1. Order by neighbour count: ASP160, ASP142, fewest other Cβ atoms within 10 Å first, most last.
2. Need the full-extension length gain, ASP16 to CYS286, defined as separation in residues times 0.36 nm minus the C-alpha distance. One decimal, nm.
3. Determine the alpha carbon to alpha carbon distance for each of LYS171/LYS341; LYS119/LYS270; LYS12/LYS346; LYS18/LYS270; LYS119/LYS390; LYS119/LYS171 and list only those over 32 Å.
4. What's the angle, to the nearest 10 degrees (0 to 90), between helix 36-49's Cα axis and the longest principal axis of the chain?
5. Which whole-angstrom value gives the distance between the alpha carbon centres of region 4-40 and region 98-135?
6. Based only on other Cβ atoms within 10 Å, what is the fewest-to-most ordering of ILE301, ILE310?
7. Tally Lys/Arg at +1 and Asp/Glu at -1 over every other residue whose Cβ is under 10 Å from the Cβ of ALA98; what's the total?
8. Nearest 5 percent is fine: what portion of the DSSP beta bridges confined to the chain is antiparallel?
Amino acid sequence: MKNQSNFIPFAKPYLDRKEERAVLSVLRSGWLTTGKVALEFEREFREFIGAKHALAVNSATAGLHLSLESLAIRPKQLVITTPYTFVASAEVIEYLGAHPLFVDINETSYNIDLLLVEKAIKRYKKRIACILPVHVGGLACDMHRLRELARHYSIPIVEDAAHAFPVQLEKKYVGTFGELGVFSFYANKTITTGEGGMVVTDNDKLAKHMQILRLHGIDREVWDRYTSKTNSWYYQVVSKGFKYNLSDLCAAIGRVQLERAHEFFLDRKKISRLYLDGLADCDFLCLPDNSTAHAWHLFIIRLRPQTLTITRDEFINKLQQAGIGVSVHFIPLHVMPYFKKRYGFKAEDFPIAMRNYLSSISIPIYPGLSEVNVKRVIATIKKIGYSHHK
Ligand SMILES: Cc1ncc(COP(=O)(O)O)c(C=O)c1O
């Protein structure tokens, strides 16, 4: 790093006195874990997003797991998903003894290719238990088409909307198209609770089931026991369960962040516009798809390797040396040693995922990233690209 004080991090949560006050108030209340604040957070979230139920959980991974549990996915069944995602999307499928059925992505959107989804359904028929699309980087999958397809074959959808809050596709929030939708509040996400997540659904039965599974299979929520005047000690375990509840400490941060979600979204949109305009004339780049709803959790640029004399990794090193934090989304799951060994994948099994991975760089985007710094990122990308142009 040339100058540490000038470093532009890749991601940074936006938190201030309001979050501090909210946490302090919980600390002083005498009740730290899941209670009234988590309940309020759930109510506010479900009103915000327009879903009948919202269940706060301690990670999106937990939320995805609960979703698949509530759908009673069985061992050896298949769940269609993308290899171009974080491992959480696929590992939860294996928690149930089921298998991820990867299909390749669309080159421009980075999202699952719906023609390939249909092909997979036709090939594997009744073994397909669920479709788990990921809105990569916050760019919405074509949920209208996917929903039509899923309905036609009577397959439920669990949306991995970890990146996609809060964005609407024709006035309906992404994450509310499937039977279930899951959001992440991990530290670098569009709103954060440090660690946390939310599952949304309109289905009463699935919500009730997840509520029980979320807390050790107990038939009443902790806050009932806490607030109820009589029999506050009494509970019944009615099924196997998990420890997936969100604490009031985290929920307090979430409530403040939720109030700011639209403001954050506008900031991200503004930064994406600056990048799209500022980098439009770079013939050595492909810019992200801007033609549909995008939450702009990530801004992924793709190098055109045939135009450059340096590799993607060298490009990344040069950005880092110039004091710009970057990342790569994603290393496809089929080339991860675990999945490779388990399913015998070869890199070329998902050629588009592989090609996009090898040429992609995620550049900084977050509320609080100044216009001056965005312009510095743009200028640095141009300088590197044009000084290593073929
Ligand atoms: C696409 C995707 N799904 C799920 C997750 C899991 O989120 P969490 O860390 O809240 O469990 C992540 C985390 O980064 C993600 O990128």
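Each value in this text was obtained by applying a stated rule to the coordinates, not by laboratory testing. Predicted model, so just to flag it, every value in this text is computed and none were measured. Note: ideal-geometry Cβ built from the backbone for every residue, glycine included; neighbour counts use all protein chains shown.
1. Least crowded to most crowded, the residues run ASP142, ASP160.
2. Values: separation 270, 0.36 × 270 = 97.20 nm, distance 3.55 nm.
The ASP16-CYS286 span can extend by a further 93.6 nm.
3. The answer is LYS171/LYS341; LYS119/LYS270; LYS12/LYS346; LYS119/LYS390.
4. The answer is roughly 60 degrees.
5. 37 Å
6. Ordered from fewest to most neighbouring Cβ atoms within 10 Å, ILE301, ILE310 come out as ILE310, ILE301.
7. Value of the local net charge: +2.
8. 65 percent
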